[in-house]
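Down below is the structure, laid out as structure tokens.
The values are calculated or read from the model by the stated rules, or taken from the named source; none is laboratory data. Computed from a prediction, not measured in an experiment: that's the story for all the values here. Because the Cβ atoms are built from the backbone with ideal geometry, glycine has one as well, and the counts that use them run over all protein chains shown.
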């Protein structure tokens, strides 16, 4: 007996016990509704997706071609459309394809204050609310797809029903892991813990936290980043773990991000309990000058280093600066210590997307943590075309090739688009994810802000055409006709909003008295 048939029989048994008052309840309708609501709570989702991520991490350890990917989301509809598209284009499967929830996009697009920079100024609850929204839309995608299969089942001949029933029993959910950005924790460790619980309860199985000062937080690709000593950061990592464990998600995933490569400042001098500990090493990167006690000015902060009195260089802001050129070394130290403190995955923000640079840092990490795995931001903040054309240019120079027809500083010029150098650069961009997965141990590749940029680009193109000479043809040719030709589900926007599911429910609840929207006069029938 199939899972679907078993569910029908189970509801029949419940109905029989209830007595005559339930005569109008159709067990098959209830079984359908149960199938369309596989996940009852956010914690169900968090556990299901944590299991997926853990299995994917183990598969990656065995085979570096099995890296995972995601695209950033700022609305449930965006996440839903991505997963519907993935199932459509990849044999109905979602394997190793996740969603990323970007704090940058929450700040810029979801705050009640209006567009904000990526500085943790948006409402704390907006992140957890977006996690819940994303999963609401993904669960609706399941219900919609199964609803279509149920209608196919009703219309099928007896000989065709078994194949459709098999699709129902083996339905692949649109629900996938979300890696959610908790910034620097939005406060102290207790605030981090409270916020983490809310995000996990909404369904998040993976939380990404960074080692910046919470009230000085900056976007990873901007200047002015300020890090905290490891003891402070690790208390927040432990806060995340306690939140997962309290809620029963014992295999929840913590992604530890270090911004040290581009962060030249710290707010604190670390506490040193014994020579060579974390605090001592953290302080060793500070830019200091050896002084005599008599050189100390009023208000100076000084400390003992190897028996010598040193004064760290302090800016007018009160912040201390690290020595120039220590960023990569600090990233390696941060990463090793974060794994030891209980993080599962690492995230290193880099100045450019360069396979050799990322690999060099990860090789140092793997000397102490052999199975260290990285999450990497394939960021739109990088000019990928320029970066990789410059890398291709430098490779040609190193190989002794003639580069006299190129100007390195002008490689974005459209005149270079059809050149050998541009083709070589594009090949490296194409293989970047596979190359860094193999060489640097990058388990997960994500683009933080892709749908922000695609929405802007498509809206610009539509506005240019629609308000220009093309008029309505700008929409029809540029949008709707492409939706129809490419089989984009949302061309039937009434169906996507749940209208057909609502009709199903009306029939379950009211039988032949149901007033349904999907009749002959529904204009969506033009897209059948």
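Tell me, please, whether a residue that is touching a helix residue (DSSP H, G or I) at 6+ places or on another chain (Cβ under 6 Å), surrounded by 18 or more Cβ atoms within 10 Å (Cβ to Cβ) and in a loop (DSSP other than H, G, I, E, B) can be found in region 435-444. For region 435-444, residues touching a helix residue (DSSP H, G or I) at 6+ places or on another chain (Cβ under 6 Å), surrounded by 18 or more Cβ atoms within 10 Å (Cβ to Cβ) and in a loop (DSSP other than H, G, I, E, B): present. Of the residues making up region 502-528, those that are surrounded by fewer than 14 Cβ atoms within 10 Å (Cβ to Cβ) and within 19 Å of residue 479 (Cα to Cα) are 523, 525, 526, 527, 528.
Out of (1) within 19 Å of residue 57 (Cα to Cα); (2) crowded, with 18+ Cβ neighbours inside 10 Å; (3) touching a helix residue (DSSP H, G or I) at 6+ places or on another chain (Cβ under 6 Å), the odd one out for residue 332 is which? If we test residue 332 against (1) within 19 Å of residue 57 (Cα to Cα); (2) crowded, with 18+ Cβ neighbours inside 10 Å; (3) touching a helix residue (DSSP H, G or I) at 6+ places or on another chain (Cβ under 6 Å), just (1) comes out false. Checking region 407-421 against the condition returns no match, with no residue being touching a helix residue (DSSP H, G or I) at 6+ places or on another chain (Cβ under 9 Å), touching a residue at least 40 places away in the same chain (Cβ under 8 Å) and surrounded by 20 or more Cβ atoms within 10 Å (Cβ to Cβ). The residues listed here are 374, 319, 345; of these, the one that is surrounded by 15 or more Cβ atoms within 10 Å (Cβ to Cβ), in contact (Cβ under 8 Å) with a residue 40 or more places away in the chain and more than 25 Å from the chain's Cα centre (by Cα) is 319. Residues in region 127-153 that are more than 23 Å from residue 48 (Cβ to Cβ), in contact with a helix residue (DSSP H, G or I) (Cβ under 7 Å, 6 or more places away or on another chain) and surrounded by fewer than 18 Cβ atoms within 10 Å (Cβ to Cβ): 152 alone. If you check 358, 369 for being outside any loop (DSSP other than H, G, I, E, B) and either buried (at least 17 other Cβ atoms within 10 Å of the Cβ) or at pLDDT 95 or above (or both), only one passes: 358. Checking the stated criteria, residue 116 turns out to be in contact with a helix residue (DSSP H, G or I) (Cβ under 6 Å, 6 or more places away or on another chain) and under 21 Å from residue 213 (Cα atoms). The residues in region 481-501 that are surrounded by 15 or more Cβ atoms within 10 Å (Cβ to Cβ) and part of a helix (DSSP H, G or I) can be counted, and the count is 9.
Before we move on, is residue 39 touching a residue at least 12 places away in the same chain (Cβ under 8 Å), buried (at least 17 other Cβ atoms within 10 Å of the Cβ) and in a loop (DSSP other than H, G, I, E, B)? Answer is yes for this residue. Filtering region 422-434 to residues that are surrounded by 15 or more Cβ atoms within 10 Å (Cβ to Cβ) and over 20 Å from the mean Cα position of the chain (by Cα) leaves 422, 424, 425, 426, 428, 429. If the condition is being assigned to a loop (DSSP other than H, G, I, E, B), at pLDDT below 95 and closer than 19 Å to residue 203 by Cβ, then region 84-126 contributes 102, 110, 123, 124.
Could you count how many residues in region 423-451 are without any contact (Cβ under 8 Å) to a residue 24 or more places away in the chain and farther than 22 Å from residue 360 by Cα?
The first filter runs over region 423-451 and keeps only residues without any contact (Cβ under 8 Å) to a residue 24 or more places away in the chain, leaving 423, 427, 430-431.
Remaining after also requiring farther than 22 Å from residue 360 by Cα: 423.
Looking only at that region, the number is 1.
Per the conditions (1) modelled with pLDDT of 90 or more; (2) touching a helix residue (DSSP H, G or I) at 6+ places or on another chain (Cβ under 8 Å); (3) surrounded by 16 or more Cβ atoms within 10 Å (Cβ to Cβ), the sole criterion not satisfied by residue 472 is (3).
Here's a check for you: in region 261-277, which residue that is touching a strand residue (DSSP E or B) at 6+ places or on another chain (Cβ under 6 Å) and buried (at least 20 other Cβ atoms within 10 Å of the Cβ) is farthest from residue 199 (Cα to Cα)? Spell out the reasoning first.
Taking region 261-277 as the starting set, the residues that turn out to be touching a strand residue (DSSP E or B) at 6+ places or on another chain (Cβ under 6 Å) are 263-267.
Imposing the further condition that a residue be buried (at least 20 other Cβ atoms within 10 Å of the Cβ) reduces the set to 263-264, 266.
Working: 263: 27, 264: 31, 266: 28 Å.
Here the residue is 264.
Among the residues of region 169-185, those identified as surrounded by 21 or more Cβ atoms within 10 Å (Cβ to Cβ) and touching a helix residue (DSSP H, G or I) at 6+ places or on another chain (Cβ under 8 Å) are 174, 175, 176, 177, 178, 180, 181, 182, 183, 184, 185. All of (1) surrounded by 12 or more Cβ atoms within 10 Å (Cβ to Cβ); (2) out of contact with any strand residue (DSSP E or B) (no Cβ under 9 Å at 6 or more places or on another chain); (3) in a helix (DSSP H, G or I); (4) modelled with pLDDT of 90 or more hold for residue 451 with one exception: (2).
Among the numbered conditions (1) more than 23 Å from residue 240 (Cβ to Cβ); (2) buried (at least 16 other Cβ atoms within 10 Å of the Cβ); (3) at pLDDT below 95, the only one that residue 385 does not meet is (3). Pairing residues of region 103-130 that are at positive phi with residues that are at pLDDT 85 or above and assigned to a loop (DSSP other than H, G, I, E, B), at Cβ distances under 7 Å and at least 6 apart in sequence or on separate chains, gives 120/183; 120/184; 120/186.
Of all residues in region 55-83, exactly one satisfies the criterion of being over 19 Å from residue 206 (Cβ atoms) and either crowded, with 20+ Cβ neighbours inside 10 Å or in contact with a strand residue (DSSP E or B) (Cβ under 8 Å, 6 or more places away or on another chain) (or both), namely 80. Return yes when residue 424 is at pLDDT 95 or above, under 30 Å from residue 370 (Cβ atoms) and either out of contact with any helix residue (DSSP H, G or I) (no Cβ under 7 Å at 6 or more places or on another chain) or in a helix (DSSP H, G or I) (or both) and no when it is not. No; evaluated as a whole, the condition is false for this residue.
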